[in-house]
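A quick write-up on the structure given underneath.
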Amino acid sequence: MTHRDRSGEPTGLPATHEEFVSGTLAEKVENISDFRFVTEYQRSGPLSAAMAEALMSVGYRVLNDFLELEGIHYLDVLEARTQLDGDNPNSISHVEFTFGHDLHHCQFIIGTDRFEIHRRPSSFADFFSWYVLFMKEAERIEATFRRTMENVAERPLRPARSQHTFVFYFSDFVRYDSDSGKPKIRNTEVLKEIVPNIPDSNGRMTPPTSLDLYRLDLTISKREKFKDPLRGTEKARNTWITIEAPFNENGRFIVFTAQLRNTAAENLSESPVQGTFGFDSDSSSDYRIALVDFLRDGVLDGFVKEMFRTCRFRTQRQM
C-alpha cells in the first residue's frame, strides 16, 4: 500500500512504518540519532533586518498553514527566533523556527547560505511518521522562504546543493554464535567484515583486531543511479557513507552516517576525468529516493546488513 497526501495523490512512500521495514534489516533499527535536510545556496552575506522580519512573517504563515492542513493543531509550540552571527554579533546569521511537538518535533533554519530541516533523536517508527508528513512538503517550504529572500534582496538566490543526512548510533555488538553470558565485542571487530586488514607499524597488512586501535574510520563516496518510483525517470546522485568506530565506552559504538547529495561532481565515466555533472534543479523525487531506495534498500538492507552479518546490534538515540 502506498502513502497518499491530503489530496489523495500517491507520494511513493510506504503507507506505514510496518510496511516500510517489513522483510528488511530496518526491522531491527529501533532508533535514529539525527536527520538533516539541507539546501545550500551561493553565499551572499548575512541576513538583513528587513529580510529576517520578512522570513519571520512568511514562516509563521506557511508553517501554520501546513500544520493545520495536516491536522497538527499544536501551533502554540511553534516558536521563531533570530540567531546572531558568531563572527559578527551585529549581523543576523539565520532565522530559526522550532516545532516542539513530542512526535513531530523539528527545526527549520533559514539563512542566505542555506535552508535546513533538522530533527533530533527519536524512535525510527516516530521518525518515519514525521518524515512522510513533513518531507514531502520540504521543497515547497524551502522555495517559499527562498522567494521571500529574493524579493527583499531584489536578486536571485540560486541553490547549489541539497542533501539528506541520516545518522545512527549502533551499539552493543554480540556474535550470533555467542551465548548470553559472553562479553560484547568491540566496534573494530565488527568492522573487520568490511575492513579485513590495515597496515601495522611495519606496513604489513594485519587484521584490525590484532592491533591496539583507538579508533577506525571509513568514508565511501560514489555516484549512483536511482529510479523515481512515480515518474519512472532515472536520477544520478552522490552517496556518502561515513563509519566512525571510536574508543568511547571501550568501543561500544559505531557512528554511521548516510548521506544522499544532489550536487555538482566530476564525471568519472571518462578517462581521463573530464567535465562535471551539474546540480539537478528537479529534486522533487529526492525525499522518496533518500528514504526508500537509498537508506532502506541500499544502506540498511545492503551495506549495514553485510557489516552485521555475524553479530547482533542495538541502536541508541545518544552516545
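The values are calculated or read from the model by the stated rules, or taken from the named source; none is laboratory data. Predicted, not measured: the structure shown is a model, and the values here were computed from it. Neighbour counts run over all protein chains shown; Cβ positions are idealised from the backbone, glycine included. All accessible areas refer to the heavy atoms of the entire protein, side chains included, with ligands and DNA or RNA removed. Shrake-Rupley method; radii C 1.70, N 1.55, O 1.52, S 1.80 Å.
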T219 vs. criteria part of a strand (DSSP E or B) and open to solvent by 80 Å² or more (accessible area, probe 1.4 Å): yes
Among residues of the range 158-172, those that are surrounded by fewer than 18 Cβ atoms within 10 Å (Cβ to Cβ) and under 28 Å from G45 (Cα atoms), counted: 3
Tally, over the range 196-222, of residues that are touching a Pro at 6+ places or on another chain (Cβ under 7 Å) and charged (D, E, K, R): 1
Subset of the range 112-133 that is touching a helix residue (DSSP H, G or I) at 6+ places or on another chain (Cβ under 8 Å) and open to solvent by less than 30 Å² (accessible area, probe 1.4 Å) - its residue that is modelled with the lowest pLDDT: T112
Please work out which one of (1) at pLDDT below 90; (2) closer than 30 Å to S171 by Cα; (3) in contact with a Pro (Cβ under 8 Å, 6 or more places away or on another chain) is the condition S281 fails and give its number. (2)
Testing R252 on (1) within 21 Å of P159 (Cβ to Cβ); (2) in contact with a strand residue (DSSP E or B) (Cβ under 7 Å, 6 or more places away or on another chain); (3) open to solvent by 40 Å² or more (accessible area, probe 1.4 Å), one condition comes back false. Which one is that? (1)
Considering L84, L13, L78, L55, which residue is buried (at least 19 other Cβ atoms within 10 Å of the Cβ), farther than 18 Å from A290 by Cβ and of a type outside the set (G, A, S)? L55
Looking only at the range 33-46, which residues are more than 23 Å from T263 (Cβ to Cβ) and either open to solvent by 40 Å² or more (accessible area, probe 1.4 Å) or among the β-branched types (V, I, T) (or both)? P46
For the range 87-104, name all the residues that are surrounded by fewer than 18 Cβ atoms within 10 Å (Cβ to Cβ), at pLDDT 95 or above and either under 24 Å from E154 (Cβ atoms) or touching a His at 6+ places or on another chain (Cβ under 9 Å) (or both). T98
So which of Q83, Q107 ends up being assigned to a strand (DSSP E or B), modelled with pLDDT under 95 and under 24 Å from the mean Cα position of the chain (by Cα)? Q83
With E142, E189 as the choices, which residue is charged (D, E, K, R), part of a helix (DSSP H, G or I), open to solvent by less than 20 Å² (accessible area, probe 1.4 Å) and touching a Ser or Thr at 6+ places or on another chain (Cβ under 7 Å)? E142
Report the residue count in the range 108-139 for those that are closer than 29 Å to V29 by Cβ and either without any contact (Cβ under 8 Å) to a residue 12 or more places away in the chain or of a type in the set (A, V, I, L, M) (or both). 7
Would you check if R175 is out of contact with any strand residue (DSSP E or B) (no Cβ under 6 Å at 6 or more places or on another chain) and either more than 21 Å from T239 (Cβ to Cβ) or basic (K, R) (or both)? no
If A236 satisfies all but one of (1) open to solvent by 50 Å² or more (accessible area, probe 1.4 Å); (2) over 26 Å from N31 (Cβ atoms); (3) modelled with pLDDT of 85 or more, what's the number of the condition it fails? (1)
In the range 274-311, the residues that are part of a loop (DSSP other than H, G, I, E, B), open to solvent by less than 50 Å² (accessible area, probe 1.4 Å) and either within 17 Å of V255 (Cα to Cα) or hydrophobic (A, V, I, L, M, F, W, C) (or both): F308
Starting from residues that are under 18 Å from the mean Cα position of the chain (by Cα) and hydroxyl-bearing (S, T, Y), keep the ones in the range 132-177 and report whichever is farthest from N64 (Cα to Cα). Y169
